[in-house]
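For reference, the structure is listed below as structure tokens.
The values are calculated or read from the model by the stated rules, or taken from the named source; none is laboratory data. Since the model is a prediction, treat every value here as computed from it, not as a measurement. Because the Cβ atoms are built from the backbone with ideal geometry, glycine has one as well, and the counts that use them run over all protein chains shown.
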Amino acid sequence: MKKANYDDIAADTFDLSRPISEERLKTWLDLISENVNHKEKIEFLDLGCGTGRFSIPIAKRLGYSVTGADNSEEMLVKARKKDEASQVKWDIQDATSLSYPDASFDAVFMSHLLHHVDDPSDIVNECYRVLRPGGTILNRYGSMEDIRDDPEHRFFPGTIEFDETRTPTLKQVEDIFQNAGFKDVSSKVLVEEPYPSPEVRLRGAELKFTSVLTLIDQSEFEKGLENFRKYISDNPGDHWLLEDRMTLTSGKKSD
């Protein structure tokens, strides 16, 4: 499987091209809190944390003891700069072979991570290992059935071939969780509007904000941008340009 190189997705533009409003952030923090078993101290792993766009508010607002882990030093450098109060512990980690001991965390959260490895079960099995009994796994992602006709795939059709081989469906994610041993596996699909305008979404595409855009040929990329711009010009009020469907799949490790 051809993989995206996150050195090609600059940390300095990572947050700019992935806007998250206060309303959307609150929605995700509420979902995380609802799914995590409440106790006096919660050890929380944000796996594939990037620049800490979730790690820092989880620590600050939910009061969890958060570890942010990623395999990109560039992303972690940016995360540490954003974490002015040093509320998060930042680690370089390979998600398929974590250095943490068994039963280290009460919850593991991932966002857009599983499609970056040849076998997502390698990551999920590691999550199971490092979770304590009764611990929670949370996976935030766009399932294949929900991204197939979004603007990034319609205007850049070569992305579909790549994502067909690497992006799981909702059912596949649930099956991976269950095969790893997780119980009470369930999914919630949210329809979001992460982009305040079509132009903001276009700007994200220009920055190759979704990793699959780094995998297609430059000529196809330029043609896709041209078609994207024309569609916005011809259809400025099309609500489809603003929407994404996101899934949160969760599961529990047996007590």
message: Suppose we keep only residues that are aromatic (Phe, Trp, Tyr) and in a strand (DSSP E or B) within the stretch 93-117. Which one would you say is nearest to residue 251 (Cα to Cα)?
response: 109
task: Filter the stretch 117-139 down to the residues that are buried (at least 19 other Cβ atoms within 10 Å of the Cβ) and within 15 Å of the chain's Cα centre (by Cα), then identify the one that is farthest from residue 162 (Cα to Cα).
output: 137
- prompt: Which one is surrounded by the most Cβ atoms within 10 Å (Cβ to Cβ) among residues in the stretch 158-175 that are over 17 Å from the mean Cα position of the chain (by Cα) and in contact (Cβ under 8 Å) with a residue 12 or more places away in the chain?
  reply: 159
- request: Could you check how many residues of the stretch 47-75 are under 11 Å from residue 90 (Cβ atoms) and in a strand (DSSP E or B)?
  value: 5
field: Wholly enclosed helices (runs of 4 or more DSSP H) of the stretch 118-214 bearing at least 2 residues among the basic types (Lys, Arg) and over 30 Å from residue 102 (Cα atoms)
entry: 198-206
message: Suppose we filter 190, 213 for residues that are closer than 19 Å to residue 113 by Cβ, surrounded by 20 or more Cβ atoms within 10 Å (Cβ to Cβ) and aliphatic (A, V, I, L, M); which single one remains?
response: 213
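Considering every residue within the stretch 248-255, establish whether at least one is assigned to a helix (DSSP H, G or I), at pLDDT 95 or above and surrounded by 14 or more Cβ atoms within 10 Å (Cβ to Cβ). Steps first, answer last, please.
First, the residues of the stretch 248-255 that are assigned to a helix (DSSP H, G or I): none.
No, the conditions are met nowhere in the stretch 248-255.
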